[in-house]
Amino acid sequence: MKKQYVYGIIASCLFLTSVIGCSSKESKDSTNQNGSVSIVTTLYPLEDFAKKIGGSHVQVTNVVPAGTESHDFEPSAKDLAKLSKANIFLYHGSGFESWTEKAVSNLDKSKTKIVNASDGLTLDEGSKGDHNHSHDHEGMDPHLWLDPTLAKKESRKIYDAIVSADPAHKEEYTKNFTELEKQFDQLDVEFQTMAKKATKKEFVTSHAAFSYLAHRYGLKQISISGLSPEDEPTPKELKAIIDEVKEHQVKYIFFETLVSGKMADVVKNEVKAEALILNPLEGLTAEEIKSKQDYFSVMRKNKENLAKALGAM
Ligand SMILES: [Zn+2]
């Protein structure tokens, strides 16, 4: 099959050369010299989805190094140079990476396709019915990817961008994307099942990353810090959080893998709760990469830990 295909191309090239000249790139695509689509991204889940959709035809680089919390990442000149050479720059948007706005305005759009994965998908705070102690209300909540149904919509944008950069492999991309969609649907069903069994709706997180997830499954996030881990509560807010946690008789406080849980520790000790991990997937640790974790395995671990905290066993 493959051989025939290659012969077919050679044959049509020979024919075309005699008529109009033939280049190895017949379609007007935007792949790099070795024929693969180079994608630079800013957030682990986007990296994971792009790799799953693109398979062997894409080269995906995340500018945020492993083990780094991406909220406070600042790109180096070298990172920006990498960006300008990419076929696709895939960023999250909705205020997640404040540096991308300027970087995007400096890119040559005829060379680099720019994809804002969350464009048009964010809900405003009011319609989410969210209740957290964020004192920074100017920021939008960017953590869409923690709702599998929204992550699926983000990955559709990634699929569209990859197909338009490399239409020659559309069939393969479509197959991979269809498979990925199924995985999101399955994960969504699993979360729904867990949430239905939950005897408690409140869960306490260190930073306000899980309100989209809470909204999707009818749960309630009580966050100790705001939308960014650096956004720590004042002593007065901290006291209000501790009161609320006590009121709901919360037994577990969720910590993260990449940020220090100083404030969460204060609450945990005050209410004599236990610590569990809820991973906002803003980056994997070197260890998680080594043990081949991905978006789905981390989300399932999150689901198990949530089940424990919510009494959904
Ligand atoms: Zn965050």
Helices (runs of 4 or more DSSP H) lying entirely in the stretch 70-173 (those with 1 or more residues that are at pLDDT 90 or above and not assigned by TED's automatic domain parsing to the domain that holds TYR217): 77-85, 100-105, 148-165
If you check GLU237 against the conditions, is it open to solvent by 20 Å² or more (accessible area, probe 1.4 Å) and closer than 20 Å to ALA209 by Cα? yes
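Quick grid of which residues meet (1) within 16 Å of the ligand (Cβ to nearest atom); (2) open to solvent by less than 60 Å² (accessible area, probe 1.4 Å); (3) in contact with a Pro (Cβ under 6 Å, 6 or more places away or on another chain):
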position	(1), (2), (3)
LYS175	no, no, no
ALA195	no, yes, no
THR199	no, no, no
THR205	yes, yes, no
ALA208	yes, yes, no
SER211	yes, yes, no
SER225	yes, yes, no
SER228	yes, yes, no
ILE242	no, yes, no
Looking at the stretch 247-300, which of the residues that are within 20 Å of GLU232 (Cα to Cα), within 16 Å of the ligand (Cβ to nearest atom) and of a type in the set (Ser, Thr, Tyr) is least open to solvent (accessible area, probe 1.4 Å)? THR257
Test: LYS308 is over 18 Å from the mean Cα position of the chain (by Cα) and modelled with pLDDT under 95: no
LEU187 passes all but one of the listed conditions (1) touching a Pro at 6+ places or on another chain (Cβ under 6 Å); (2) within 16 Å of the ligand (Cβ to nearest atom); the exception is number (2)
Kindly indicate the residue of the stretch 89-127 that is open to solvent by less than 20 Å² (accessible area, probe 1.4 Å), of a type in the set (A, V, I, L, M) and under 16 Å from the mean Cα position of the chain (by Cα) and also farthest from the ligand (Cβ to nearest atom) among those meeting that condition. VAL115
What number of residues within the stretch 51-74 are open to solvent by less than 30 Å² (accessible area, probe 1.4 Å) and closer than 19 Å to THR285 by Cα? 6
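The values are calculated or read from the model by the stated rules, or taken from the named source; none is laboratory data. These numbers were taken from a predicted model, which means no experiment stands behind them. So basically every Cβ, Gly included, is an ideal-geometry build from the backbone, and we count neighbours across all protein chains shown. Ligands, DNA and RNA are excluded from the accessible area calculation, which covers all protein heavy atoms including side chains. Shrake-Rupley method; radii C 1.70, N 1.55, O 1.52, S 1.80 Å.
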